[in-house]
Amino acid sequence: MDLLPRSPGEFGSARYWDRFFRQRGQRPFEWYGAFPELCPVLHKYVRPRDKVLVVGCGNSELSEQMYDMGMCEDIVNIDVSDAVIRQMQERSRSKRPKMSYLLMDMLQMDFPDAHFQVVLDKGTLDAILTDEEDATLAKVDKMFAEISRVLQVGGRYLCVSLAQAHVLKKAVEYFSQEGWVVRVHQVAGSRDKQQFVLPVFVYVMTKFRKIPGSAPQILEICPEEQDKPMRVESVERLVAAVKDRQHYALLCSQLSKPPCGEQVSLDLCDKESGSPRYTLHVVDSPSVKPSRDNHFAIFIIPQGRETEWLFGTEEGRRQLATSAGFRRLVTVALHREQHYEGMAGIQAELSGKVMELAPPGLPARQQVPFVSVGGDIGVRTVRHRDTSTLSGEYVIEDVKGDGTCYFRRLIFLRNRNVVQSEARLLAPMPLPGQKKRRKDKKKPSPTEPPAAIDKSYLCCEHHKAMVAGLCLLGGPNPLPGTLLAVLVVGLGGGSLPLFIHDYFSQAHVAVVEIDPSMLEVATRWFGFSQDDRMQVHVSDGLDYVAKLAAEGQYDAIMFDVDSKDLMVGMSCPPPAFVEKPFLQKVKTTLKPEGVFVLNLVCRDAQLKESVLATLREVFPLLYARRIEEEVNEILFCQPSPEGWRDPTELEARARALEGALRQPGRPWDSSYVLADMLQAIKIL
């Protein structure tokens, strides 16, 4: 028995509905939205003494259930199908004497003006507004005009809908322009398997007298998890908010099925501001053997550590989930603009929402653990926030790492998951003659990070590799006292040029930085300073190198410059820096035994191969050092093939250089071994 219409237009045909209900018989037909789910919303807007009109009633049980539950009794039901009206009259005549069923077209109703307090529509608007053809829209306008006519001022039009974008937009625009208050409720769905994956919504349009002139629109949305409505400023924002909830329902449906191996991510937003508050990643580990307690867990990433490889990459999160031993792990990143009341507060806030992401087969009443590193949510202190005309909005923040170490970071908010520059902070030292703090005295707050920069520590692995590349220089090993001319393009926080300046006492370092804001950031927040051996030139690196007059001017040239164009598959350097004519200029600027060091960050395999091919055309000797657990690859380019050194010689030079750099009284990071940086180097 085929009950489907031949075309969407038949949904508005009385002949189609007569055939539909004759073939279906006495079985009630509910489009969507069972009465138990709709009841909490209907109770808010339908009073026992209201006179209620149900348009397009069909043979739904909704009116009967409202009557039987005592919600209201004065209910008039209309439909264009004679067959269904006779069926419903027969079904309710003796049981519900105050409720009536009338054969009537809602586009041309016989009721007097202002006759009802409530008009209820369950799926009728969805059935009529199947497209946006002129004829369809004209029919809907007529429907809305009739509903408006028969409603009293202060009356409510309640429309139960799946809220397709064009349906919601049409209804909201029409009634808001008439001066009505529009509120959209998301209906709380059953936790059991539903007929429809998409959520059901109820539009509540409250009639007000139209005020001449441009009265402000009142548009609100009330998500299922809260009673308090949220005001939105435009029809477009309201439609977008509904669409977000539909996408979330689809995502939950996807996650209720056996895992497919792909990680799913979503943002949970602050109810007041609408800005992201939590970023969740759902990671399945089918290889983990199931047991009673390892089905599901929530991992709170400590503040400021969401950029680390283990938490900030897909592969890292997969490793985290496997090592934690849970078949499904939801990682939760906390946003810097938000305030959190500790682990207990986060758990209370997220408990209901994350259970919607639970895996299939989770035992009933299963306790789901919330875990973190060290059991807390970490420490993040935003020190400074500003906007650069070139780099956009950025923040300087101090975060707590493993143990007691604190780090200062520069982050461009256009790419908030990437740390642009980082420096370790020194613990404060007592002044000469100052006594140590007595144990019984009040200790400084553990959440207050120190302020001094540890200039001996290179936080970035690629900076360590770039410094180690100085071992490739021709001639004698570049011992700290060797006269060196170094050009660094890209300042950031200044840790790379600062390290070379401080540890190579005869090095003269020229730094080129296009963004003057970054020079201010490095000086104020990262301990950077200039002197006769360290000079910063605020200029475009392309222009600066192109204008260099002398050949063979530098022992080492280092490019550590990010691309501002996020649409290119290479975030470092900008593509113009690896074009052949420019690279040839770089080559001529190097001394014959010099080295050009390039930090390459490229996710586009084809583009990366093109860059490498261009470098090979210009430089006869090319080495590469891949940074583990990162996208960075450090390329060491030499203008002469005679600069080649075998691994044994390289290791010996690295150990000799490191030994010279480790001077008594000079701090040195014990984890930084130059030879290790060069062990994985390979010739291309």
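Criterion first (in contact (Cβ under 8 Å) with a residue 12 or more places away in the chain, surrounded by fewer than 22 Cβ atoms within 10 Å (Cβ to Cβ) and either among the basic types (Lys, Arg) or not assigned by the TED database to the domain that holds GLU178 (or both)) does ARG49 satisfy it? Steps first, answer last, please.
On the way: in contact (Cβ under 8 Å) with a residue 12 or more places away in the chain: yes; surrounded by fewer than 22 Cβ atoms within 10 Å (Cβ to Cβ): yes; either among the basic types (Lys, Arg) or not assigned by the TED database to the domain that holds GLU178 (or both): yes.
For ARG49, the condition - in contact (Cβ under 8 Å) with a residue 12 or more places away in the chain, surrounded by fewer than 22 Cβ atoms within 10 Å (Cβ to Cβ) and either among the basic types (Lys, Arg) or not assigned by the TED database to the domain that holds GLU178 (or both) - is met.
Having 1 or more residues that are in contact with a His (Cβ under 8 Å, 6 or more places away or on another chain) and either closer than 30 Å to ALA507 by Cα or modelled with pLDDT under 75 (or both) is the bar; report the strands (runs of 3 or more DSSP E) wholly within the stretch 402-496 that clear it.
Here the list reads 484-489.
Could you please find all residues in the stretch 244-267 being closer than 20 Å to PRO223 by Cα, in contact with a strand residue (DSSP E or B) (Cβ under 7 Å, 6 or more places away or on another chain) and open to solvent by less than 30 Å² (accessible area, probe 1.4 Å)?
Those that are closer than 20 Å to PRO223 by Cα, in contact with a strand residue (DSSP E or B) (Cβ under 7 Å, 6 or more places away or on another chain) and open to solvent by less than 30 Å² (accessible area, probe 1.4 Å): LEU251, LEU266.
What number of residues in the stretch 111-137 are under 13 Å from LEU53 (Cβ atoms) and of a type in the set (Gly, Ala, Ser)?
Within the stretch 111-137, residues that are under 13 Å from LEU53 (Cβ atoms) and of a type in the set (Gly, Ala, Ser) number 1.
Take ARG328 and decide whether it is basic (Lys, Arg), under 17 Å from SER265 (Cα atoms) and under 16 Å from the mean Cα position of the chain (by Cα).
On the way: basic (Lys, Arg): yes; under 17 Å from SER265 (Cα atoms): yes; under 16 Å from the mean Cα position of the chain (by Cα): no.
Taking the combined requirement at face value, the residue does not satisfy it.
Does the stretch 69-99 hold any residues that are within 48 Å of the chain's Cα centre (by Cα) and surrounded by fewer than 15 Cβ atoms within 10 Å (Cβ to Cβ), and which are they?
MET69, GLY70 - these are the residues of the stretch 69-99 that are within 48 Å of the chain's Cα centre (by Cα) and surrounded by fewer than 15 Cβ atoms within 10 Å (Cβ to Cβ).
What is the residue count in the stretch 555-567 for residues that are open to solvent by 20 Å² or more (accessible area, probe 1.4 Å) and without any contact (Cβ under 8 Å) to a residue 24 or more places away in the chain?
Here the count works out to 2.
Here are GLY594, GLY541, GLY552: which of them is in the same structural domain as GLU633 (by the TED database), farther than 27 Å from GLU393 by Cβ and touching a Phe, Trp or Tyr at 6+ places or on another chain (Cβ under 8 Å)?
Numbers: GLY541 fails: farther than 27 Å from GLU393 by Cβ; GLY552 fails: touching a Phe, Trp or Tyr at 6+ places or on another chain (Cβ under 8 Å).
Going through GLY594, GLY541, GLY552 in turn, the sole match is GLY594.
Could you figure out which of (1) at pLDDT below 80; (2) outside any loop (DSSP other than H, G, I, E, B); (3) open to solvent by less than 60 Å² (accessible area, probe 1.4 Å) isn't true of LEU612?
Among (1) at pLDDT below 80; (2) outside any loop (DSSP other than H, G, I, E, B); (3) open to solvent by less than 60 Å² (accessible area, probe 1.4 Å), the lone unmet condition for LEU612 is (1).
Looking at (1) in a strand (DSSP E or B); (2) under 30 Å from LEU219 (Cα atoms); (3) aliphatic (A, V, I, L, M), which is the only condition ILE298 fails?
(2)
Within the stretch 166-183, does at least one residue satisfy the condition of being open to solvent by less than 20 Å² (accessible area, probe 1.4 Å), among the aromatic types (Phe, Trp, Tyr) and in a helix (DSSP H, G or I)?
From the stretch 166-183, those open to solvent by less than 20 Å² (accessible area, probe 1.4 Å) are 167-168, 171-172, 175-176, 180, 182; that's our starting set.
Subset that is among the aromatic types (Phe, Trp, Tyr): 175, 180.
With the extra rule that they be in a helix (DSSP H, G or I), the set shrinks to 175.
So far as the stretch 166-183 goes, yes, one or more of its residues are open to solvent by less than 20 Å² (accessible area, probe 1.4 Å), among the aromatic types (Phe, Trp, Tyr) and in a helix (DSSP H, G or I).
From GLY312, GLY342, GLY352, which residue is out of contact with any Leu (no Cβ under 6 Å at 6 or more places or on another chain) and on the phi > 0 side of the Ramachandran plot? Reasoning before the result, please.
Working: GLY312 fails: on the phi > 0 side of the Ramachandran plot; GLY352 fails: on the phi > 0 side of the Ramachandran plot.
When all the criteria are applied, what remains is GLY342.
Where the second residue is among the hydrophobic types (A, V, I, L, M, F, W, C) and assigned to a helix (DSSP H, G or I) and the first is within 14 Å of VAL521 (Cβ to Cβ) and lies in the stretch 374-393, which pairs have Cβ atoms under 6 Å and are six or more apart or on separate chains?
From the stretch 374-393, the pairs are GLU393/LEU413.
I'd like to know if the stretch 95-111 contains one or more residues that are of a type in the set (Lys, Arg), assigned by the TED database to the domain that holds LYS51, touching a residue at least 24 places away in the same chain (Cβ under 8 Å) and in contact with a strand residue (DSSP E or B) (Cβ under 9 Å, 6 or more places away or on another chain).
yes
The values are calculated or read from the model by the stated rules, or taken from the named source; none is laboratory data. Bear in mind that the values here come from a model prediction, so they are computed numbers and not experimental data. Backbone-built Cβ (ideal geometry, glycine too); neighbour counts: all protein chains shown. Please note that ligands, DNA and RNA were not included when accessible areas were found on the heavy atoms of the full protein model with its side chains. Shrake-Rupley method; radii C 1.70, N 1.55, O 1.52, S 1.80 Å.
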